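Data block below; observations after.
The values are calculated or read from the model by the stated rules, or taken from the named source; none is laboratory data. These numbers were taken from a predicted model, which means no experiment stands behind them. Here the Cβ positions follow ideal geometry from the backbone for every residue, glycine too, while neighbour counts run over all protein chains shown.
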Amino acid sequence: MAKQLLSPLPGVFYRRPSPDEANFKNDGDAVAAGDTVGIVEAMKSFFPIEAEEAGVAIRFLVEDGAAIDAAQAIAEMD
Amino acid sequence: MIKILKAGLETSVQDYPGRIGYWNQGFPPSGPMDSWSFRMANVLVGNAPGAAGFECQFLGPTLQFGEDTVIAITGADMTPAVDGEAVPLWQSLAVKAGQTLVLSGARVGARAYIAFAGGLANPEMLGSRSTFNKAGVGGIDGHSVKPGQELPLFQGDGTPGLKVPDNLRPQIRTDKTWDIEVCAGPNDDWIDEAGHERFLTSPWTLSAKSDRTGFRLEGPEWTFTQKATNKPREHGSLPSNIIDHGYPMGAINLAGQTPIILVNDGPSMGGFINPYTVPSCAFWKLGQSKPNETFKFKLVSVSEAQDLALQIAKRCVAENLVKA
């Protein structure tokens, strides 16, 4: 069953650390436990979304720059 | 005593109406952004509406109780749980020494409030227990709470099992759009007719670069009158520049083309014009809105705004509570 990666808080979701850097992860990448897969911006701060466990073939469910809710799935992986 | 196990996102001690009387020296009032929910939390636990409690923002804290007490949680839904069991919002609850309260990410709204019977007993600074992070004043050690801190409580006399009726709670929007009251001025005469029309009819998007200092908005262009474009050089080079002057709390401060609503921890003066002001009766809406949500502004008179604020204050009294 696919494992979902959830945002801990509401805010704006970004897939890369800054606009001129590469994505943390791309669709299909393997993920190690503790890897950052995205960041959420709220109150002038950025919060990493980290994978709690390892997985393979990550698939992003949310666009870069989209508003997300708390506990919304931003990606899933096997 | 309340022990902080996890801090959450800038969880802070606030009281209402906050640090009043020092604006002329640059101290903002601070206090809870959604003072309607905050006051209701206090009333639920038998406190005066303004007693010190916690404001939790976006991501709530984990707290452990060092004594038996009565608490109430209001405002944003951070799916609170005591020892793993979900507990309701807008109700007074008995908790026991050793129990743990967890607030998670905000599902509805952005800011939750926790009141404790008696209230938090951190020392007052300049007449208030509210935290003003930027100056390191108030709260505990001047800043948001940190893991390991222990906050004393005053002796309280709360009754568990009381509830705020639905119709007396702020209706936190779930459709991401807010109608926000504004009063004209103080510098409305610097904006031309088309600029006013655009401001009052366009949707404005709340930026994630917003916090308790200012709420940054994205929207259409501002256009100006002669007052802004043909003025003595000492006012500054941008149309929205003016010789430094005092700002009202809630000012919609126009930094170039970017409006920033100055909120509870905002600056008291500066060199930009303030074409509109959000009155205190609408601050709860600011406090419960999240990045990328949409604001539409509705012009009201000062007396209408004062009346709305009075209606909120009248709701926040113990006589209005019912049995849960």
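General remarks:
- For segment B:171-210, taking the residues that are under 16 Å from B:Gly109 (Cβ atoms) and without any contact (Cβ under 8 Å) to a residue 60 or more places away in the chain, the one that is nearest to the other protein chains (Cβ to nearest Cβ) is identified as B:Asp175.
- Some residue of segment B:215-228 being without any contact (Cβ under 8 Å) to a residue 60 or more places away in the chain, among the β-branched types (Val, Ile, Thr) and assigned to a loop (DSSP other than H, G, I, E, B): yes
- Remark: A:Ser18 falls outside the filter, which requires a residue to be more than 13 Å from the chain's Cα centre (by Cα) and either aromatic (Phe, Trp, Tyr) or within 14 Å of chain B (Cβ to nearest Cβ) (or both).
- When segment B:257-286 is filtered for residues that are outside any loop (DSSP other than H, G, I, E, B), out of contact with any strand residue (DSSP E or B) (no Cβ under 7 Å at 6 or more places or on another chain) and buried (at least 22 other Cβ atoms within 10 Å of the Cβ), the ones remaining, listed by number, are B:Phe283, B:Trp284.
- The C-beta contact set for segment B:98-119 (first residue on the phi > 0 side of the Ramachandran plot, second residue aliphatic (A, V, I, L, M) and crowded, with 24+ Cβ neighbours inside 10 Å, distance under 7 angstrom, 6+ apart or interchain) comprises B:Gly109/B:Ala76; B:Gly119/B:Ala51; B:Gly119/B:Ala52.
- Residue ranges of strands (runs of 3 or more DSSP E) in segment B:1-68 with at least 2 members modelled with pLDDT of 95 or more and over 14 Å from the mean Cα position of the chain (by Cα): B:2-6, B:62-65
- Scope segment A:30-51; condition surrounded by fewer than 20 Cβ atoms within 10 Å (Cβ to Cβ) and closer than 14 Å to A:Ala2 by Cα; matching residues: A:Ala30, A:Ala51
- Residue in segment B:230-237 that is of a type in the set (Lys, Arg) and touching a residue at least 24 places away in the same chain (Cβ under 8 Å) present: no
- Residues in segment A:31-74 that are assigned to a loop (DSSP other than H, G, I, E, B) and away from chain B (no Cβ under 14 Å): A:Ala32, A:Ala33, A:Gly34, A:Asp35, A:Ala51, A:Glu52, A:Glu53, A:Ala54, A:Val56, A:Ala57, A:Ile58, A:Leu61.
- Residue in segment B:139-158 that is surrounded by 15 or more Cβ atoms within 10 Å (Cβ to Cβ), charged (D, E, K, R), on the phi < 0 side of the Ramachandran plot and within 22 Å of the chain's Cα centre (by Cα) present: no
- Residue match in segment B:4-25 (condition: of a type outside the set (A, V, I, L, M), closer than 19 Å to B:Pro165 by Cα and more than 14 Å from chain A (Cβ to nearest Cβ)): no
- Residue ID - farthest from A:Asp78 (Cα to Cα), chosen from residues in segment A:1-13 that are within 14 Å of chain B (Cβ to nearest Cβ) and surrounded by fewer than 20 Cβ atoms within 10 Å (Cβ to Cβ): A:Pro8
- Leading residue by the ranking (nearest to the other protein chains (Cβ to nearest Cβ)) among those in segment B:74-110 that are under 23 Å from B:Asn320 (Cα atoms) and in contact with a Cys (Cβ under 9 Å, 6 or more places away or on another chain): B:Ala76
- Residues that are crowded, with 17+ Cβ neighbours inside 10 Å and hydroxyl-bearing (Ser, Thr, Tyr) are absent from segment B:174-185.
- Condition met for B:Ser35 (over 20 Å from B:His143 (Cβ atoms), buried (at least 23 other Cβ atoms within 10 Å of the Cβ) and small (Gly, Ala, Ser)): yes
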